[in-house]
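Read-outs: derived from the displayed coordinates by stated rules, not from any lab. Bear in mind that the values here come from a model prediction, so they are computed numbers and not experimental data. Don't worry about glycine lacking a Cβ; one is built from the backbone with ideal geometry, like all the others, and counts go over all protein chains shown.
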Amino acid sequence: MDSKASSTGDRPALGIILILVATFLFIIQDTMTKSISTEYAVPLILMVRFWISMVYALVYMRIKGRSLKRCFESKRPVLQLTRSAVLVLEIGVFVLAIRTLSLAEIHSLFATYPLMITALSVPLLGETVGIRRWLAVCIGFVGVLVILRPGLGVFDAGAVYALACAALFALYQVLTRKVAKDDPSDTSFFYFMLVGFVTTSLIGPFYWEPIDADGWMTLLGIGLTSSFSHLLLILALQHAAASVLQPFNYMPLVWAVLVGYVVFGDLPDMWTIVGAAVIVGSGLYTFYRQHVRKRKPAVVVTPRA
């Protein structure tokens, strides 16, 4: 969920607890997605997920007292549609990636997205990135090579999807920052849900197949955990500044290792751990340098949808 960094920041401890729970729910969502990803077509999974999420969005807007007309009001509608389509595509590619990769592997590679945001902020936002942050970006991608070990026969096609997810999510975050200057976060949220609902409803029926009871329960769980985690993230940003919460955006990697082991018996190998440490360390350093320089507000990044 994209949100402006307009939180009061008066209860940082509560904000941290909320984002920890939110990121944990994102991994539970990913776990359920992985369990069902090979049983049903990706467009069908996405369609049912967005049906459920759209109901949540409508209820949420109703509770907040915002009419549909107000939700549609945007100063940058084309940009809203574009960023929403990018995120919907990212979610679809993520489902493809999680079919073959473990939770730890996919989140180790996905953790490169803050580094990609730094790179994209130059051409798309006109920001200046110093040599130290560029060096950190380069070191972060060395971590990717450590995980993939090209030439050693361990490369998986799912890794391409994972890196594509990171690139798409980075692009989405940068576009979100651009539109956040003109539209409130609720408008951005509604546009994403609407675009996801419409696009998947147009494509999903062509992949329809009977869904058994377990399948419906899993898909319902995916939709509910996705929606509830977004709500917790909104609340976290209301209680703590984005700069306080930003380092905790790497928590999905920790949860992925723990949940992946408990549910699937997967443990990352040493190369994945080393590579992930390099990537996370580089990402935290780029954030630190941007915060220290205080030339522009740090790019507010949020966990994946």
Residue among Pro252, Pro12, Pro205 with the largest mean-square fluctuation in a Gaussian network model of the chain, springs linking Cα atoms under 10 Å
Pro205
Could you tell me what % of all Cα pairs in segment 47-107 have separations over 13 Å?
74 percent
From zero outward in steps of 10 Å, how is the percent of C-alpha pairs of the chain spread across the bins?
6, 27, 37, 24, 6, 0
Residue-averaged [θ]222 nm for the chain, counting only DSSP H segments that reach four residues, each worth -39500 (n - 2.57)
-24500 deg cm²/dmol
When Phe141, Phe26 are ranked with the fewest other C-beta atoms within 10 Å first, the list becomes Phe141, Phe26
5 Å-binned pair-distance histogram of segment 156-305 (Cα, whole percent)
1, 6, 10, 18, 20, 17, 14, 9, 4, 1, 0, 0
Here, His291 and Val122, labelled 7 Å along Cα→Cβ, have an inter-label distance in nm of 2.4 nm
Relative contact order, percent, of the chain when contacts are C-alpha pairs under 8 Å separated by at least 6 residues?
44 percent
Divide, for segment 1-103, the radius of gyration over alpha carbons by 2.2 N^0.38 Å, where N is the residue count.
1.29
Calculate one ³J(HN,Hα) per residue across segment 46-56 by plugging θ = phi - 60° into the Karplus curve 6.51 cos²θ - 1.76 cosθ + 1.60, and present them in order as whole Hz with x for glycine and proline.
5, 4, 5, 4, 6, 4, 5, 5, 5, 4, 4
Can you give the net charge of the other residues whose Cβ lies under 13 Å from the Cβ of Val263, counting K and R as +1 and D and E as -1?
-1
Quick note on Glu127, Glu105, Glu73, Glu209, ordering by fewest other C-beta atoms within 10 Å, gives Glu209, Glu73, Glu127, Glu105
Which of Val160, Val122, Tyr172 sits closest to the plus end of the dipole of segment 119-198, meaning its Cα is farthest towards the positive end, when Lys and Arg get +1 and Asp and Glu get -1 on the C-beta?
Val122
Please compute one quarter of the surface area of the Cα convex hull for segment 195-267 and express it in square nanometres.
7.5 nm²
Treat segment 93-233 as a sphere of radius equal to its Kirkwood radius over Cα pairs and apply Stokes-Einstein at 10 °C in a medium of 1.306 mPa s; give the translational diffusion coefficient in µm²/s, rounded to a whole number.
89 µm²/s
Simple label model, 7 Å out from Cα along Cβ direction - Val55 to Met270, nm:
5.0 nm
If you plug each phi of segment 129-140 into the Karplus form 6.51 cos²θ - 1.76 cosθ + 1.60 with θ = phi - 60°, what whole-Hz ³J(HN,Hα) values come out, in order, with x for Gly and Pro?
10, x, 4, 5, 6, 4, 5, 5, 4, 4, 5, x
For the chain, modelled as a Gaussian network with Cα springs under 10 Å, which listed residue fluctuates most, Ala157, Ala22, Ala104?
Ala157
Cα centroid separation, segment 173-204 to segment 20-81 (Å):
10 Å
In a GNM of the chain with a 10 Å cut-off on Cα contacts, which of Arg177, Arg11, Arg49 has the highest mean-square fluctuation?
Arg11
